[in-house]
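K.L.:
One structure, pasted below without further comment.
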Amino acid sequence: KSSRLHHPPIDYFDVFKESKEQNFYESQESIIALCTHLQQLIRTIEDLDENQLKDEFFKLLQISLWGNKCDLSLSGGESSSQNTNVLNSLEDLKPFILLNDMEHLWSLLSNCKKTREKASATRVYIVLDNSGFELVTDLILADFLLSSELATEVHFYGKTIPWFVSDTTIHDFNWLIEQVKHSNHKWMSKCGADWEEYIKMGKWVYHSHIFWTLPHEYCAMPQVAPDLYAELQKAHLILFKGDLNYRKLTGDRKWEFSVPFHQALNGFHPAPLCTIRTLKAEIQVGLQPGQGEQLLASEPSWWTTGKYGIFQYDGPL
């Protein structure tokens with residue numbers, strides 16, 4: 001029995017663990033900046049009018065978008081931490097957002113908030129991508145959703161096994177919250193303590209499902225994993241993070257750039273959804289006629305370097 005302690009079974013072994021943890025440690029300054037921003041925001045959130053709240057929501061969405069840049073698979077496992085304060089770069093990065101459906105997200109969630117009955121819920125689901133710095137940006141966004149009452153529950157979907165390099169597993173999720181909580185920076189540790197509390201209270205729920213690491217495109221979900229599809233149908237909004245989710249949403253096909261997103265989803269419509277992605281693979285739909293071709297002519301690798309980002313929404317408007 002004692003030997004079990006020294007040799008955990010192979011299915012617990014995460015070959016990427018060290019590089020994920022390194023990414024987190026190297027991003028400390030940025031994480032402190034984000035946690036400080038969030039805590040100061042929460043302290044004044046009552047005093048914000050509609051427009052200010054919307055601006056803050058948009059800011060945190062963009063932080064979650066650009067957090068997707070530091071992906072270990074893009075850098076071949078090389079250091080990809082976030083050393084600059086992304087808050088200060090948001091204005092400079094705006095021109096690189098090719099599709100910006102943030103307004104739809106705001107009207108959807110603020111409408112839910114206004115029309116919500118006392119005991120009813122607004123559920124936002126986040127299908128996670130990378131752990132480390134990106135996961136921090138997702139948790140900051142999720143915290144804001146609760147604090148601003150744009151959502152009453154946030155559900156996270158991670159991977160059941162260590163899969164693509166820096167993908168989030170339950171171990172990464174718990175480890176990261178623990179690290180944030182034990183930070184010696186007061187606002188950072190306050191975030192970690194709050195996050196732990198959300199989990200205890202059931203306001204944050206982590207799920208894993210084997211489907212996310214199977215080879216199927218998402219339009220196959222109703223057949224292959226009807227239980228998961230039924231879960232997703234309970235969401236008011238689903239946010240899909242990152243490139244791989246985008247590829248699986250669109251079936252990884254060679255679509256024309258201007259094909260509507262709704263069409264490329266091929267019948268996958270469990271709930272209103274939005275993909276938050278920096279482009280790292282040769283697939284993009286829903287662009288203006290000529291937009292993709294124009295980019296291709298001036299910048300052949302525009303869709304693989306992580307330089308451009310999208311917020312692409314599908315759902316009732």
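Bear in mind that the values in this text are calculations on the coordinates, not laboratory data. The structure presented is a predicted model; accordingly, all values stated were derived computationally and were not measured. Heads up, the Cβs are rebuilt from the backbone with ideal geometry, glycines too, and the neighbour counts pull from every protein chain shown.
K.L.:
Comparing Glu178, Glu18, Glu26, which has the greatest mean-square fluctuation in the GNM of the chain with Cα pairs linked when under 10 Å apart?
P.N.:
Maximum among the listed residues: Glu18.
K.L.:
Take the residue pairs Lys59/Lys113; Lys94/Lys241; Lys248/Lys307 and return only those whose Cα atoms are more than 24 Å apart.
P.N.:
Numbers: Lys59/Lys113 19 Å; Lys94/Lys241 18 Å; Lys248/Lys307 21 Å.
Too far apart for the 24 Å limit: no listed pair.
K.L.:
Of the residues Asp138, Asp167, Asp14, which exhibits the maximal mean-square fluctuation in a Gaussian network model of the chain defined by a 10 Å Cα contact cut-off?
P.N.:
Asp14
K.L.:
Nothing charged except the Cβ atoms of Lys and Arg (+1) and of Asp and Glu (-1): what's the magnitude of the dipole of the chain about its Cα centre? Round to the nearest 20 debye. Mind showing how you got there, number by number?
P.N.:
Numbers: 29 positive and 41 negative charges, 123 e Å.
Charge dipole of the chain: 580 debye, to the nearest 20.
K.L.:
To continue, here is another question. Which Cα, out of His207, Val15, Phe261, lies furthest along the positive dipole direction of the chain (beta carbon charges, K/R +1, D/E -1)?
P.N.:
Projecting each Cα onto the dipole axis, the largest value belongs to His207.
K.L.:
Now a separate question. So if each residue of separation counts as 0.36 nm, and I subtract the Cα-Cα distance between Lys114 and Leu48, what length gain in nm does that give? Before the final figure, lay out the partial values.
P.N.:
Numbers: separation 66, 0.36 × 66 = 23.76 nm, distance 1.57 nm.
Length gained between Lys114 and Leu48: 22.2 nm.
K.L.:
For n ≥ 4 DSSP H runs only, could you compute -39500 (n - 2.57) per run for the chain, divide by its residues and tell me the 222 nm figure to the nearest 500?
P.N.:
-13000 deg cm²/dmol
K.L.:
Among (1) 20.8; (2) 20.1; (3) 21.3, which is the computed Kirkwood radius over Cα pairs in Å?
P.N.:
Given (1) 20.8; (2) 20.1; (3) 21.3, the calculated one carries the label (2).
K.L.:
If I take every Cα pair under 8 Å that is 6 or more residues apart in the chain, average their sequence separation and divide by the length, what percent do I get for the relative contact order? Intermediate values should be presented prior to the final figure.
P.N.:
On the way: 506 pairs, mean separation 63.2, N = 317.
Normalised by residue count, the contact order of the chain is 20 percent.
K.L.:
Tell me whether segment 210-317 comes out rounded, prolate or oblate; compute the Cα gyration tensor, take square roots of the eigenvalues as a ≥ b ≥ c, and use a/c under 1.5 as the rounded threshold. Please list the in-between numbers first.
P.N.:
Details: a/c = 2.14, a/b = 1.82, b/c = 1.17.
Prolate is the answer for segment 210-317, as a/c is 1.5 or above and a/b outweighs b/c.
K.L.:
Follow-up. Return the single residue from Asn85, Asn51, Asn245 with maximal mean-square fluctuation; model: Gaussian network over the chain, springs between Cα atoms under 10 Å.
P.N.:
Asn51
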